[in-house]
Amino acid sequence: MVEYTNLVKDNLFETKHGFSYQCDVTNSIIINFGGTIATYKVRDFLIFQRKVNSVAILDMLYDLSDKCDTKLIEATKRNFSRNLTICEIVQLRELLNGTKFSLTLYSMLNEVLSDVLV
């Protein structure tokens with residue numbers, strides 16, 4: 001059985017609230033947000049990122065009831081399930097959007113450089 005400490009990791013994005021990296025061995029994206037670690041295939045990661053971005057933060061801010069102080073965020077296949085405050089949702093968005101940007105950038109660079117090397 002392979003230990004996760006021995007896996008090849010490519011750091012994608014980091015904030016003061018968490019970080020993400022890509023594991024080449026398992027072909028997955030690992031998100032560490034506030035001590036919660038979740039592993040995603042690229043497709044599942046993109047679904048989760050869209051779900052977090054779809055949270056209506058302004059509606060939560062303007063609703064003065066106690067039920068809108070937090071929102072349950074769940075990922076596909078139960079990789080991530082937490083009640084997050086508005087600030088934590090914004091911080092998670094920053095981490096996920098930065099990770100998606102890095103993946104897109106790496107993909108574009110790989111495409112351009114592979115055309116040059118051929």
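The values are calculated or read from the model by the stated rules, or taken from the named source; none is laboratory data. Here the structure is a predicted model, which means the values were calculated and not measured. In this analysis, Cβ positions are derived from the backbone assuming ideal geometry, glycine residues included, and neighbour counts consider all displayed protein chains. Note: areas computed on protein heavy atoms with side chains; ligands, DNA, RNA excluded. Shrake-Rupley method; radii C 1.70, N 1.55, O 1.52, S 1.80 Å.
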Leaving out ligands and nucleic acids, note down the accessible area per residue over the chain with a 1.4 angstrom probe, in whole Å². 67 Å²
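Where in segment 13-87 are there trypsin sites (Lys or Arg not before Pro) that are in a DSSP coil and have at most 15 other Cβ atoms within 10 angstrom of their Cβ? Before the final figure, lay out the partial values.
Numbers: sites: LYS16, LYS41, ARG43, ARG50, LYS51, LYS67, LYS71, LYS77, ARG78, ARG82; in loops: LYS16, LYS41.
When the trypsin sites (Lys or Arg not before Pro) of segment 13-87 are filtered for loop state and at most 15 Cβ neighbours within 10 Å, LYS16, LYS41 remain.
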Excluding residues on the same chain fewer than 8 positions from LYS100, give the aspartates and glutamates whose Cα lies under 13 Å from its Cα. GLU14, ASP44
Of all accessible surface on the chain at a 1.4 Å probe, what whole percent is carbon and sulfur? 57 percent
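Mean residue ellipticity at 222 nm from the helices of the chain, using -39,500 (n - 2.57) per DSSP H segment of n ≥ 4 over the full residue count, to the nearest 500 deg cm²/dmol? Walk me through the numbers on the way to the answer.
Numbers: 3 runs with 50 residues, N = 118.
So the calculated ellipticity at 222 nm is -14000 deg cm²/dmol.
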Which loop-located chymotrypsin sites (Phe, Trp or Tyr not before Pro) does segment 58-118 contain, where loop means any DSSP state but H, G, I, E or B and the Cβ has at most 15 other Cβ atoms within 10 Å? none
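Under 8 Å for C-alpha pairs, at least 6 residues apart: give me the relative contact order for segment 41-93, rounded to a whole percent.
Values: 39 pairs, mean separation 18.0, N = 53.
The normalised contact order for segment 41-93 reaches 34 percent.
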